[in-house]
Amino acid sequence: MNKRVVYGLIAAALLLAAVMLLQHVHEAQSQIFTNTIGMKFVRVHAGSFFMGSCEPADENMSKASPCPSGASVEPYASYNEVPQHQVSISNPFYMGMFEVTVGQFKQFIADEGRDDLLSDEFLHANSHGNRAAVSKVSWRDAQDFVQWLNQKEPGHHYRLPSEAEWEYAARAGSDSMYPWGDDENQIDAYAWYWNNATHVDESFTHHVGEKKPNAWGLYDMQGNVWEWNQDCWHDDYQNAPANGEAWLTGQCAYRVIRGGSWDDDSDYMRPAARNWIPIGSHRLVLFGFRVVLD
């Protein structure tokens with residue numbers, strides 16, 4: 001084989017390798033989207049998962065409700081987390097890599113002239129840097145932020161996550177008590193919660209992204225701030241949607257919050273844990289939110 005042929009084969013191989021590398025880089029980059037105000041979003045693929053918990057029937061855990069996922073009974077589970085049921089997420093979506101930060105929320109306040117939100121309580125609660133998760137945000141405040149984003153970026157559709165989407169993303173493919181497994185001792189590595197925040201006199205939201213992400217690259221899904229969801233509140237999952245959509249009937253004066261906060265114990269760091277809050281002007285230092293992009 002002459003040198004010209006050899007060189008040609010080498011060049012072709014190098015070109016193919018370069019093309020494959022660029023394709024790999026493009027595919028990796030397509031998993032993360034950054035919008036015009038610097039918010040990062042992680043692509044969450046479609047799929048199925050088991051939502052909720054298997055609640056022990058008594059304090060001795062001698063009986064338990066059926067557990068279709070095959071997961072262990074969770075000692076901290078609540079009756080509002082049952083029955084455990086399979087949910088199919090048919091369409092991929094982009095979940096905020098981080099909770100909405102103080103800096104991002106202040107851009108909304110400035111653009112929309114919402115000085116009414118800059119109360120002394122809001123400013124005090126959000127005085128720990130622009131990269132801290134914003135708090136003292138009501139469900140309607142979060143909706144106003146989403147509307148502002150949609151107007152700012154025509155062609156994109158931002159919204160709050162459904163409760164099913166939130167748990168699906170928080171579990172990141174796991175069916176264990178916590179996204180990383182059943183070991184409670186690992187919480188400190190993944191979440192700001194009572195033990196490493198309130199207990200040591202750090203009673204405030206911390207900068208996003210300082211703890212480990214879950215398996216899908218999402219940060220602070222547990223702890224830091226409770227995150228508003230789109231769904232109306234229900235006391236359990238009887239007749240819950242199985243397609244991942246928000247449950248928009250029921251007690252709609254109350255909306256679902258997920259994830260726990262810096263002031264909560266380990267039992268609220270479980271992906272299955274859920275709670276509710278009135279949607280009005282109910283603003284507390286424990287409440288923030290995360291945004292989804294279709």
* State yes or no: is PHE105 closer than 17 Å to PHE287 by Cβ, surrounded by 15 or more Cβ atoms within 10 Å (Cβ to Cβ) and of a type in the set (A, V, I, L, M, F, W, C)? => yes
Selection over the stretch 56-97 where residues are buried (at least 21 other Cβ atoms within 10 Å of the Cβ) and at pLDDT below 90 yields a count of 2
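Right, GLY103: assigned to a helix (DSSP H, G or I), at pLDDT 95 or above and out of contact with any helix residue (DSSP H, G or I) (no Cβ under 9 Å at 6 or more places or on another chain) or not?
Details: assigned to a helix (DSSP H, G or I): yes; at pLDDT 95 or above: yes; out of contact with any helix residue (DSSP H, G or I) (no Cβ under 9 Å at 6 or more places or on another chain): yes.
Spelling it out, GLY103 is indeed assigned to a helix (DSSP H, G or I), at pLDDT 95 or above and out of contact with any helix residue (DSSP H, G or I) (no Cβ under 9 Å at 6 or more places or on another chain).
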Residue pairs within 7 Å by beta carbon, gap of at least six or interchain, first lying in the stretch 96-114 and in contact (Cβ under 8 Å) with a residue 24 or more places away in the chain, second surrounded by 21 or more Cβ atoms within 10 Å (Cβ to Cβ) and among the polar types (S, T, N, Q), listed first then second, are GLU99/ASN224; VAL102/ASN126
Among ALA110, ALA142, the single one that is over 24 Å from PRO278 (Cβ atoms), aliphatic (A, V, I, L, M), in a helix (DSSP H, G or I) and at pLDDT 95 or above is ALA110
When every residue in the stretch 230-252 that is in a strand (DSSP E or B) and modelled with pLDDT of 95 or more is compared, the one nearest to HIS128 (Cα to Cα) is GLN230
Note on the stretch 189-229: residues of a type in the set (Ser, Thr, Tyr), part of a loop (DSSP other than H, G, I, E, B) and within 18 Å of ALA272 (Cβ to Cβ) are TYR193
Checked the stretch 157-183 for anything in a loop (DSSP other than H, G, I, E, B) and not acidic (Asp, Glu); matches are HIS157, LEU160, PRO161, SER162, ALA172, GLY173, SER174, SER176, MET177, PRO179, TRP180
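The values are calculated or read from the model by the stated rules, or taken from the named source; none is laboratory data. Since the structure is predicted, the reported quantities are computational estimates derived from the model, not experimental observations. Backbone-built Cβ (ideal geometry, glycine too); neighbour counts: all protein chains shown.
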